[in-house]
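Here is the structure we will look at, set down as structure tokens.
The values are calculated or read from the model by the stated rules, or taken from the named source; none is laboratory data. It should be emphasised that the depicted structure is a prediction, and the values quoted were computed from it without experimental measurement. Here the Cβ positions follow ideal geometry from the backbone for every residue, glycine too, while neighbour counts run over all protein chains shown.
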Amino acid sequence: MGFVKGLKCRECGRTYKAEAIYVCEFCFGSLEVDYDYDALKKKVTRQRIASGPSSLWRYRDLLPLDGEPTVGFYSGFTPLVKADRLANELGIRELYIKDDSVCHPTLSFKDRVVAVALSKAKELGFDTVACASTGNLANAVSAHGAWAGLKRYIFIPYDLEQAKVLGTLVFAPNLIMVRGNYDDVNRLSSEIAAKYHWGFVNINIRPYYAEGSKTFGFEIAEQLGWRTPDHVVCPVASGSLLTKIWKGFKEFEKLGLIDSVKTSLHCAQPEGCSPVADMILSGADAIRPVKPKTIAKSLAIGNPADGYYARDVVAQSGGTAGIASDDEIREGIQLLAQAEGIFTETAGGVTVAVAKKLVEAGKIAKNQSIVIAITGNGLKTQDAVQSSLQKALEIEPSLKSFESKILASVPSGSSIK
Ligand SMILES: *Cc1c(COP(=O)(O)O)cnc(C)c1O
Ligand SMILES: [Zn+2]
């Protein structure tokens, strides 16, 4: 029924059966899902995709299930917003926001990866799922897992945003706060995953989980009228999303659904945690792991699992990297909100700020088409911007108070009668 051939080592190319495994026994390279592209080419057409459901499952032929999906029927297929006012601010011609701040059900792109991971976990026979998370993955595993009736163990660093903790707890998983940073949480999770028979979405079933990110790229291409943009600016934590947007574009090309891909992918990271951007910008050949210190907590991975693959995609696609400070992140959030009416979280602030810098530096030409990847919702990271916003105006409940306190301060020539 599906088109999965098996898993394949990204380093040595050895093949494996599609089970809950993630590293090559021979070279310790990471495993990736491999498909029968000849069979796919005979079956998949633009029309077949376009007549599918309004969710990421419209691309199910290119997702790693053997049977029907069972989780995430409403996830994905988020708006690609033509952002003319922001384009004008940045002085460029053609700009779009791929807006996963409204992804169902937990308002981040992690709903895509978890829809695929938990559908696969059920197929593989797991009754318990788990994850190590910087916040949004915790929300998504917790919510999708409740809907799917799965037991859940969720591991997070102890200092996450309140809204991300609450937005996990409401679905009543086992939420475990670890006294350490994400990299500590991830190391502990690997030990637990080796001992207990659980579907750990970003460990032993990571090859399947990661495939969900391709749909972010598929949607960009389909929603642009079956073409890819000149540029995509993408936030990077582990580096998975960036590499999978590229894999998605290249699969569409391979299947003849779009012309040859000429898109440059750009890596956006926060100043307090930029190991991948640093490697790209300095030309170093190794990642130097960092201890994260940034308001963009969803991107705070100091030792990124897919960092080298992200670097390779950036190089291969002719892209570059950019870094945003905490203040630039806050400005990026407000710029997007005030130009386009979209409230993104700190990761989106990073992406907007880096896109602006790349345009200013001439790395993105003003007459080219750009997509900015907005991956999460601002209601989850309110603390980051609270102190930089103007205050609400407060009055007594009387017309007199309104007129004296508010209208008296409105400049003359305004449109109030
Ligand atoms: C997880 C996450 C990312 C980055 O994901 P990777 O695939 O790990 O690079 C980007 N934005 C948000 C909001 C996230 O939660
Ligand atoms: Zn190998």
Exercise. Could you say which residue among S414, S387, S404, S409 is modelled with pLDDT under 95 and under 19 Å from Q162 (Cα atoms)?
Worked result: S387
Problem set entry | Subset of segment 42-69 [in contact with a Leu (Cβ under 8 Å, 6 or more places away or on another chain) and more than 16 Å from ligand 1 (Cβ to nearest atom)] | V44, T45, R46, I49, W57, D61, L62, L63, P69
Seminar exercise, completed: Inside segment 1-41, the number of residues satisfying the requirement of being hydroxyl-bearing (S, T, Y) and either within 16 Å of ligand 1 (Cβ to nearest atom) or in a loop (DSSP other than H, G, I, E, B) (or both) is 2
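Residues checked against (1) at pLDDT 95 or above; (2) touching a strand residue (DSSP E or B) at 6+ places or on another chain (Cβ under 7 Å); (3) surrounded by fewer than 19 Cβ atoms within 10 Å (Cβ to Cβ):
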residue: D36; (1), (2), (3): yes, yes, yes
residue: A39; (1), (2), (3): yes, no, yes
residue: R46; (1), (2), (3): yes, no, yes
residue: P53; (1), (2), (3): yes, no, yes
residue: L56; (1), (2), (3): yes, no, no
residue: R60; (1), (2), (3): yes, no, no
residue: L65; (1), (2), (3): yes, no, no
residue: V71; (1), (2), (3): yes, no, no
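Out of all the residues in segment 390-400, which are of a type in the set (S, T, N, Q) and modelled with pLDDT of 95 or more? Steps first, please.
We begin by selecting, within segment 390-400, every residue of a type in the set (S, T, N, Q); these are 390, 398.
Passing the criteria: only S398.
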For this session: Please verify whether segment 165-176 includes one or more residues that are among the β-branched types (V, I, T) and in a loop (DSSP other than H, G, I, E, B).
Result: yes
Problem set entry | Tabulated pairs, segment 189-202, first at pLDDT below 95, second hydroxyl-bearing (S, T, Y) and outside any helix (DSSP H, G or I), C-beta under 9 angstrom, 6+ apart or interchain | H197/T128; N202/S133; N202/S238
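For segment 231-266, which positions are aliphatic (A, V, I, L, M) and either at pLDDT below 95 or part of a strand (DSSP E or B) (or both)?
Correct list: V232, V233, L265.
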Problem set entry | Top-ranked residue in segment 312-331 [being over 17 Å from the mean Cα position of the chain (by Cα) and part of a helix (DSSP H, G or I); ranked as nearest to ligand 2 (Cβ to nearest atom)] | D312
Problem set entry | Selected residue (only one of L379, L335 is part of a helix (DSSP H, G or I), at pLDDT 95 or above, within 17 Å of the chain's Cα centre (by Cα) and surrounded by fewer than 22 Cβ atoms within 10 Å (Cβ to Cβ)) | L379
Problem set entry | Checking V23 against (1) more than 9 Å from ligand 2 (Cβ to nearest atom); (2) without any contact (Cβ under 8 Å) to a residue 40 or more places away in the chain, the condition it does not meet | (1)
Exercise. Counting only residues that are within 17 Å of the chain's Cα centre (by Cα) and not in a loop (DSSP other than H, G, I, E, B), which one in segment 63-82 is farthest from F249 (Cα to Cα)?
Worked result: V81
Exercise. Can you name the residue in segment 131-161 that is among the aliphatic types (A, V, I, L, M) and part of a helix (DSSP H, G or I) and, of all such residues, is nearest to ligand 1 (Cβ to nearest atom)?
Worked result: L137
For this session: Give D285, D326 a once-over and let me know the one that is in contact (Cβ under 8 Å) with a residue 12 or more places away in the chain, assigned by TED's automatic domain parsing to the domain that holds I372 and touching a helix residue (DSSP H, G or I) at 6+ places or on another chain (Cβ under 9 Å).
Result: D326
For this session: Within segment 344-355, identify whether any single residue is surrounded by fewer than 24 Cβ atoms within 10 Å (Cβ to Cβ), farther than 30 Å from N204 by Cβ and either not basic (K, R) or not assigned by TED's automatic domain parsing to the domain that holds S189 (or both), and answer yes or no.
Result: no
Problem set entry | The one condition in (1) without any contact (Cβ under 8 Å) to a residue 40 or more places away in the chain; (2) under 22 Å from G217 (Cβ atoms) that V102 fails to fulfil | (1)
